[in-house]
Amino acid sequence: MTEEMWPGTPVIPTMSTGATDGMYLRNAGIPVYGVSGLFYGDSNAHGMNEHIPVKGFYEGLEFMYRLVKALTSPGIS
């Protein structure tokens with residue numbers, strides 16, 4: 001998926017430093033993994049003017065669509 005949309009971009013696992021709703025699943029013993037697919041650029045994260053580039057938003061939307069479609073297609077094991 002990543003190679004299709006952004007050829008040559010490495011996929012690097014990271015750990016989120018913020019809280020997520022995944023804590024409820026983890027507390028129930030269900031592993032939780034996150035995927036972003038967004039490129040923020042100069043985001044001013046959590047500031048008064050937090051933003052992402054418009055192109056990044058639509059590419060991230062397309063990435064998530066393709067990912068969910070692939071994960072919910074028959075034949076995935």
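The values are calculated or read from the model by the stated rules, or taken from the named source; none is laboratory data. All of these numbers come straight from a predicted model, not from anything done at the bench. Every residue, glycine among them, receives a Cβ derived from its backbone with ideal geometry; neighbour counts consider all protein chains shown.
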**OP:** Residue by residue through the range 1-45, note down the ones that are surrounded by fewer than 11 Cβ atoms within 10 Å (Cβ to Cβ), among the aliphatic types (A, V, I, L, M) and at pLDDT 80 or above.
**Re:** V11, I12, M23, A28, I30
Subject >> In the range 22-44, residue nearest to G60 (Cα to Cα) [restricted to those that are over 14 Å from the mean Cα position of the chain (by Cα) and assigned to a loop (DSSP other than H, G, I, E, B)] >> reply: G41
Subject >> Tally of residues being of a type in the set (D, E) and either surrounded by 12 or more Cβ atoms within 10 Å (Cβ to Cβ) or at pLDDT 85 or above (or both) across the range 46-77 >> reply: 2
